[in-house]
Structure formats: C-alpha cells, structure tokens
Number of protein chains: 2
Amino acid sequence: MAGTNSTREQPFGPAPAVVLVNPQLGENIGTAARAMANFGLSELRIVDPRDGWPNPKARSAASGADWIIDGAQIFADLPAALADLNHVYATTARPRGMIKEVATPEAAAADMHARIAAGEKLGILFGRERWGLNNDEVSLAHEIVTAPVNPAFASLNIAQAVLLMGYEWFKGVATSLGQATPELAALAGPGLRAPDTRPATQDEMMGFFAHLESELDAAGFYKTVEKKPGMVRNMRNLFQRTNLTEQEVKTLRGMVASLTRAHLARKAKRRGE
Amino acid sequence: MAGTNSTREQPFGPAPAVVLVNPQLGENIGTAARAMANFGLSELRIVDPRDGWPNPKARSAASGADWIIDGAQIFADLPAALADLNHVYATTARPRGMIKEVATPEAAAADMHARIAAGEKLGILFGRERWGLNNDEVSLAHEIVTAPVNPAFASLNIAQAVLLMGYEWFKGVATSLGQATPELAALAGPGLRAPDTRPATQDEMMGFFAHLESELDAAGFYKTVEKKPGMVRNMRNLFQRTNLTEQEVKTLRGMVASLTRAHLARKAKRRGE
C-alpha cells in the first residue's frame, strides 16, 4: 500500500520523520504509528528493529494506521537513517548534561515549523524501550527535546513520547491551516454554537427579562422594593454572561410560562384528566 | 496502601481529579494511571468499571503507579462521582454541536490552574473505549476539551487522552515551580465572581436540575416523552456553561418555586389582600 495514497501520506504538507532507534516490540512500533497518524506525521524510519521487518504485531497495534507501517523505511544503523536530514532532535527523558540545546516539545515544535517552512528535512529520534538513546546516538542530534515530567515517575513509553511530540507539532499545523481552532473559538468567548441558531439580540434578551421579571413580580419574588433593583441586576448578569442563543431565549420563556401554569396542570391531574 | 504516602499522592499540591466513565478494560485504567503519574495527577475516580474493582490487570498495566490504583474511588454513577466538584471538563474527540465552551487542552489547563489557585475542586471526564462520553454525560460538564487532531484519524485511547491533559496540566506546574506565571492568569477565564460567594458544586447543580425538571414535568413543559431527554440536556448545558455560584443556584431555585406559586399571589391580589 505504500505510495498508493499520497494525500493520506502527507495530508498536511511536509513534516518531520519519526526515527525509532532499535525498537524491541512490534506493538510499540504499531502504537507509535497510530500516534503519528493522530497528529499528521507519516514518515516512519526504523533503525535495526529487534524482531525484524515486516512485523505483523506492528500492523495490528497500529489500529488502522496501515499506510505508515507500509511506508516505513528500515535502516541498519542510525547514521544511514539520518543521512538526508538537515536537522535532528533527540527525545530523552532527562537532559543529558551534554553541551547541546535542550528544548521543550513546545519550543522544538515551533523550531520545526520554522525549519520546514525554510525547506529543511527534519527527524525526531526516539530510543529503545529499556534505556532510550545512548550518548553516541544523542550526539548525532542537533538538539535534545525533553518534556516536563514528574521527576519521580518520568518514564514515557515510545508511543507516548511520539504522541507528545506529534501533538505539539500538530498544534502548529492546525494554526497554520488557518482554521478556527477550538482554542481560538474558546478565547473569543461565546464558545461553539449549534449551526441552526444564532446569538440572541439584545432586544430578545430584554423581552425575556421583561417577561421573567413581571412574572416574578406577580409571584411576590422580590420581597422588598429596596431589594428588587439588585436582584434584577444579578439575574440579568447571570443570563447575559451565558451568551444565549435565540432558541434558548425562546425555551427559557417557555419554561417561565409553563412554571406559572404549573398549578393548572397539577389540578388537571388531580381531577384525573 | 491508599493514604500511606501523602507526599506521593499530591506531590505538586492540589490537582484535578481524573474521572474515567464506564471503562471496559483494566489495562486501560492502568495505563491511564501511569499517564497520571507521569504528570503529577493522583486522584482517580472510576464510574461503573465494566469488569468490577479491584482489577489486577489495572495494577499491572499501571507499571508502578500503584498509589493511584490503590487510591482510586469507585462510583455507581456519574453524578455521584462529580458531587463535590466545582468545575468539570469533558474530553471529547470532536466538538459536539452543544452550546458549551470548547477549549484546547492548553487553554483548559490554564483555566484549571487559575481555578485550583482560587480553591476550586476540578474533574476531567474521559469516556469509555468504544464511544466516549454520551451527550447526557457531556451535559454534566461545564466545558468541553478537544485536542487538535488529524480529523481523518482522530481517535485517541484513554491513556493517550489522559496523557495529553496531564502534559498540559504539568507544564503549568513546572512553570509555577520555577518561574512566574503571568500568562496563566491572562489566559484563564473563570469570570468575575463576587467575593462573598463560591462556585456551586456539582451536587448543588444536580439539586437545582432535579427541582427545575420535576416542576417542568409537572407543568407539562416536555410535550412528548421522546423530546424530553434532548430538552433536559439543552437546559443543563445552558446552566452548566454559566458557571453558577452557590448563591445564584439558590436564587434560581427561589425563582422556580416562586413561579410555580404565581397563581396564589395573583389570586390574593384579586381578593385585595
């Protein structure tokens, strides 16, 4: 299947290659491929996989990310796997005390986007299950990437490390696609709206308030004349900050009308109607 | 072992609870616990685990995060699991078209830090393996969190979803352990609160919903049995996204009670009392 579906292979344009160094279990290769697929990474390079290649366990653990497994390239050693790359990041659980830049996944992802935009080819190294990357391997990278983790419980498995890097990479993809990302929508305030409605107008809000307040007045809700203005204000604040839709205003007015007639429904029920 | 090692249990101070809703496989509970441990989360709540509890598979998959498995609390239903929480986030693979704020993990984590600093108790909901959270469950949350993912390959397993939320949470912990965090306050949006009140607990919200819904039922507001669940959900979504205070919940309940007695006040007025 490799090469049969190029839009799937690079659906979001050029991206860093994921380089797994000497992975031991096929399952981990597969779950790493799945994490790559989640975040638009598609180029998998595997250096000296312990159990050979192809590996049926990798495919089944990939949960459908077959195009990544099928397109994986196998290399005998790390220098061969990195030969055509311009810039290489080594993921490690802890900084190594090497004289090399140590970036967070977030900072590294920003760097990756800048380099990809400039036409560079990039790779991200992930070490073997038991003990990660050795110092010689790290020395082939241009910088180290270390995620902030609980130092008392710092081990991430390969798929999780790939997931975090992919996640940070894809944040930048989502932003550069220019889509209204959920984050932007959330920061803008009103949140997501069902497509078949629109925000209420101020006129509709005032109509609702007039309806609600006159019914509450009739019901004796405002205990004293002095307290009423403050109570009205609090209630208006509550509903205004909710950014109601037109439909919701209608529903709230329907509720108020129903509640004021609740006694009629009760009476009818008692009469067995 | 629960409670035997309090420094391990809350090594970085108060943090959100992770709430797994109806998880099916013990392995997934275990790997979720491991991801929690990676990022300093320690309070695990499990709603109706399919295979019962304790579950030896959960422990072995936790890879040493035993204190989380041992301290896990089991609940029969979701409202019970959320009773003491002030603010609840529902993780979903995609926005649901519900009228509720949708945040990225990053924005949600900033919000969590601001709320935790203000003394709130928080929970993050994660759905079952096959189909996540249902709409009724989502309607109990105050906001939705959705990570930017490749839309053609959007499914994350439970542990991966926990990992991303934990990762974003822990970035803020790491920052606050070392550096100043002005940007957290700037990003966060818990809204202005009067100083003399506190956010409503989920228990108080459920009490309000039960009151409102039973009165509306008595009033014949839900026209058909088929329509009722959707109408209930929409109304809960509306009030959950409002981030009500304890005082506001009391006021709303007072309003509902008043409205259902409006006819008595009218009658009294007509009699000239």
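Before moving on, here are some points about what is shown:
- Of A:Arg266, A:Arg270, A:Arg233, all but one fail to be farther than 20 Å from B:Glu215 by Cβ and surrounded by fewer than 17 Cβ atoms within 10 Å (Cβ to Cβ); the exception is A:Arg233.
- If you go through the range A:74-96 and keep only what is more than 19 Å from A:Glu168 (Cβ to Cβ) and in contact with a helix residue (DSSP H, G or I) (Cβ under 8 Å, 6 or more places away or on another chain), you end up with A:Phe75, A:Leu78, A:Asn86, A:Arg96.
- Spans of helices (runs of 4 or more DSSP H) in the range A:1-83 with at least 3 residues at pLDDT 95 or above: A:26-38, A:56-61, A:66-70
- Selection of the range A:257-268 for residues being more than 8 Å from every other protein chain (Cβ to nearest Cβ) and farther than 13 Å from B:Leu259 by Cα yields A:Lys267, A:Ala268.
- Looking only at the range A:219-256, and only at residues there that are small (Gly, Ala, Ser) and at the interface with another protein chain (Cβ under 9 Å from one of its Cβ atoms), the one that is nearest to B:Ser258 (Cα to Cα): A:Ala219
- Single residue of the range A:169-189 satisfying the filter (farther than 29 Å from B:Asn243 by Cα and more than 9 Å from chain B (Cβ to nearest Cβ)) that is modelled with the highest pLDDT: A:Trp169
- Residue, most open to solvent (accessible area, probe 1.4 Å), within the range B:197-216, restricted to residues that are free of Cβ contacts under 8 Å to residues at least 40 places away in the same chain and either in contact with a strand residue (DSSP E or B) (Cβ under 8 Å, 6 or more places away or on another chain) or of a type outside the set (S, T, N, Q) (or both): B:Ala210
The values are calculated or read from the model by the stated rules, or taken from the named source; none is laboratory data. In this text the structure is predicted, and so the values were computed from the model without any measurement. Methodologically, a virtual Cβ is constructed for each residue, glycine included, from the backbone with ideal geometry; neighbour enumeration extends over all protein chains shown. What goes into the accessible areas is simple: the full protein's heavy atoms, side chains included, and nothing from ligands, DNA or RNA. Shrake-Rupley method; radii C 1.70, N 1.55, O 1.52, S 1.80 Å.
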